[in-house]
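No lab work stands behind these numbers, since they all come straight from the coordinates. None of the values given here were measured: they were computed from a predicted structure. We place every Cβ from the backbone using ideal geometry, glycine too, and count neighbours over all the protein chains shown.
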Amino acid sequence: MRVYQSSFDRPKTNSVVAIGSFDGLHLGHLALLEKLKQLATENHVPSVVFTFDQPTRVLLQGSKFLYSLAEKLEILQSLGIAEVIAVPFTKEFSSRAPSAFLEDVKTLNPKSIVVGYDFRFGQNRTGGIADLETVAPVYSLEMQTLNGQAVHASSIRTALENADITSANAMLGRAYHASGVVVLGQQLGRTIGTPTANIAVPEGKLLPKGVYAVQLETPEGTWHNAIANIGTRPTIGGMTESFEVHIFDFASDIYGLEVSVQFKHFIRAEQKFAGLPALMAQLETDKMQARALLAKIG
């Protein structure tokens, strides 16, 4: 998969283009991308995703993002997308006239364009599908629903903020995941029988608070069952949020390596215990529950 920062960087060949923030790459996005690939195959041209780094809502509304650009690109590659235009989304870019964005799209020489039904662009979102149709035929996909509920990134954010990982994963069509580098922490876990990998994720990444049964992938592509805690560790007077993962039956050194963590099941909210003995007892219960839940996955 080829990745460009500008539509002007790619060869001036024909394409079929899907445009959007694609934060989450959820069921609605997946349906849109299937249409993109179908049209690309029919027209014998590359499938191109024109997206924004950072997602528009992050800059314009202060939302946290579901996936970093690296995570998004990894998913797009797995979906078989040929090319990605990942444009830096800045205040200057958001304030451009719709006509300037149309010029960007024209450089892709699209045979057709695929967008969501409510796609808007340009300063104050004054550009729309009718404007895109001056460039190429436009296919706009309706809102996707799941169990009668609309699927969109804001619904997934709300689910994650409420620790409803089951709903979030259903809307995504996959387990929500976070990738980051294992960094040195306080190493308290070692002293209480639960050593943890402290994971640093990009600033702005939305992490669900609480304790979860998870699976962690190491750089060589091996998956391990684990339990994760995301919170401030109030029992030991923690003040800042941390993302800690205890990997079951694991003794390798992974400091400095990038890992990926998939959130499978919510276990409980973070809470303050009377002391370390009570915390240690609860952790043993949590680990037993996590092992049981993950054993059902296989």
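Of all positions in the range 232-244, at least one carries a residue that is part of a loop (DSSP other than H, G, I, E, B) and crowded, with 18+ Cβ neighbours inside 10 Å. Considering only residues of the range 70-96 that are within 19 Å of PRO202 (Cβ to Cβ) and β-branched (Val, Ile, Thr), which is surrounded by the most Cβ atoms within 10 Å (Cβ to Cβ)? Among them, the one singled out is VAL84. Under the condition of being of a type outside the set (Ser, Thr, Tyr), surrounded by fewer than 23 Cβ atoms within 10 Å (Cβ to Cβ) and more than 30 Å from PRO202 (Cα to Cα), the residues counted in the range 38-69 number 7. Number of residues in the range 115-164 that are surrounded by fewer than 19 Cβ atoms within 10 Å (Cβ to Cβ) and basic (Lys, Arg) equals 2. Close Cβ contacts (under 9 Å, 6 or more residues apart or on different chains) running from residues in the range 264-287 that are touching a residue at least 60 places away in the same chain (Cβ under 8 Å) to residues that are acidic (Asp, Glu) comprise PHE266/ASP164.
Among the residues of the range 7-31, which ones are under 18 Å from ALA170 (Cβ atoms) and either out of contact with any His (no Cβ under 7 Å at 6 or more places or on another chain) or among the β-branched types (Val, Ile, Thr) (or both)? Full working, then the answer.
At the first step, the residues of the range 7-31 found to be under 18 Å from ALA170 (Cβ atoms) are 23-31.
Of everything in the range 7-31, those that are under 18 Å from ALA170 (Cβ atoms) and either out of contact with any His (no Cβ under 7 Å at 6 or more places or on another chain) or among the β-branched types (Val, Ile, Thr) (or both) turn out to be ASP23, GLY24, LEU25, HIS26, LEU27, HIS29, LEU30, ALA31.
Restricting attention to the range 249-295 and to residues that are of a type in the set (Asp, Glu) and surrounded by 15 or more Cβ atoms within 10 Å (Cβ to Cβ), the residue that is farthest from ASN225 (Cα to Cα) turns out to be GLU270.
The set of residues in the range 48-74 being free of Cβ contacts under 8 Å to residues at least 60 places away in the same chain and hydrophobic (A, V, I, L, M, F, W, C) consists of VAL49, PHE50, PHE52, LEU59, LEU60, LEU69.
Restricting attention to the range 1-35, the residues being out of contact with any helix residue (DSSP H, G or I) (no Cβ under 7 Å at 6 or more places or on another chain), over 13 Å from VAL48 (Cα atoms) and surrounded by 21 or more Cβ atoms within 10 Å (Cβ to Cβ) number 2.
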